[in-house]
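No value in this document is a laboratory result; all are computed from the given coordinates. What you see is a predicted model; the values in this text were computed from it and never measured. Here the Cβ positions follow ideal geometry from the backbone for every residue, glycine too, while neighbour counts run over all protein chains shown.
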Ligand SMILES: C[S@@+](CC[C@H](N)C(=O)[O-])C[C@H]1O[C@@H](n2cnc3c(N)ncnc32)[C@H](O)[C@@H]1O
């Protein structure tokens with residue numbers, strides 16, 4: 001199955017119909033909620049269903065608490081993951097165990113360490129994966145959990161917790177943007193060695209705000225992937241917001257709303273991000289047709305006020 005067939009996918013994926021908390025309830029351990037930047041389970045499930053068949057192998061080189069792995073094995077696929085932080089990897093293992101107790105049939109191989117070494121860590125899997133599905137870390141730009149000193153959320157002191165992956169400087173989340181992109185590119189290149197011919201690399205990523213400025217992280221990831229031999233073959237919007245009666249139902253956190261309101265008070269026309277970009281790549285040499293431009297129509301900046 002190739003992305004150019006677009007099986008099961010449309011340009012906007014309704015992946016936020018249920019809030020993240022509800023999507024995870026009973027399916028993931030309660031402690032895994034502590035991870036600051038988890039993928040929505042519905043995004044993982046829809047991408048896996050669209051680009052793989054039962055029995056296929058799905059890989060996530062930066063698997064966090066294991067959303068890709070869990071959704072893959074619930075769908076009868078096998079999965080392999082790697083995670084730098086031992087505590088997130090342990091949570092991924094606990095989530096996989098929970099899924100298997102609930103009847104998930106796929107098998108999982110999980111490694112701890114720097115995913116730049118994933119082709120060695122998962123040596124027997126070289127050339128076997130149908131899909132790589134991952135997302136880069138967002139550095140200190142995640143919100144984690146937040147409490148405001150004021151009840152209406154305006155003007156009071158804000159306390160954040162669970163907004164860091166760890167205090168380890170080796171974690172790519174804690175590097176500068178150029179270092180993060182370089183590391184992520186190397187991880188993509190290494191993971192591609194596990195891909196079978198015509199396999200697909202899917203990256204979910206959203207724009208971030210750094211000191212008030214909107215950074216086009218999806219665009220930067222496309223450039224990085226390109227440098228490492230991957231060609232963008234399709235691009236979709238995976239909604240974080242719900243869709244109801246033709247409109248968007250925001251799922252923004254308290255902190256996102258607070259930040260947006262503060263930016264607007266300063267005259268910055270900020271919006272709340274309502275989707276993640278879903279970027280689909282293939283190895284450059286494997287592109288079957290050259291019509292990339294048509295397929296990369298931009299569904300970027302689906303934002304809601
Ligand atoms: C955006 S999160 C992924 C979350 C995951 N999709 C989930 O749903 O749990 C990125 C993850 O990359 C991990 N990470 C950072 N640097 C890494 C590296 N060099 N190798 C492997 N994982 C790394 C972080 O610890 C973090 O858990």
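In this simple spin-label approximation, residue 21 and residue 177 carry label points 7 Å from Cα along the Cα→Cβ vector, and these lie 3.2 nm apart. Between residue 12 and residue 120, the simple spin-label model (points 7 angstrom out along Cα→Cβ) gives 4.6 nm.
Treating r as the C-beta distance of residue 198 and residue 257 and R0 as 45 Å, the FRET efficiency rounds to 0.60. As a rough guide to protection, the peptides 116-122, 273-279 ranked by mean Cβ packing within 10 Å, highest first, stand as 273-279, 116-122.
A simple spin-label model places the labels of residue 243 and residue 271 1.7 nm from each other, with each point 7 Å out along Cα-to-Cβ.
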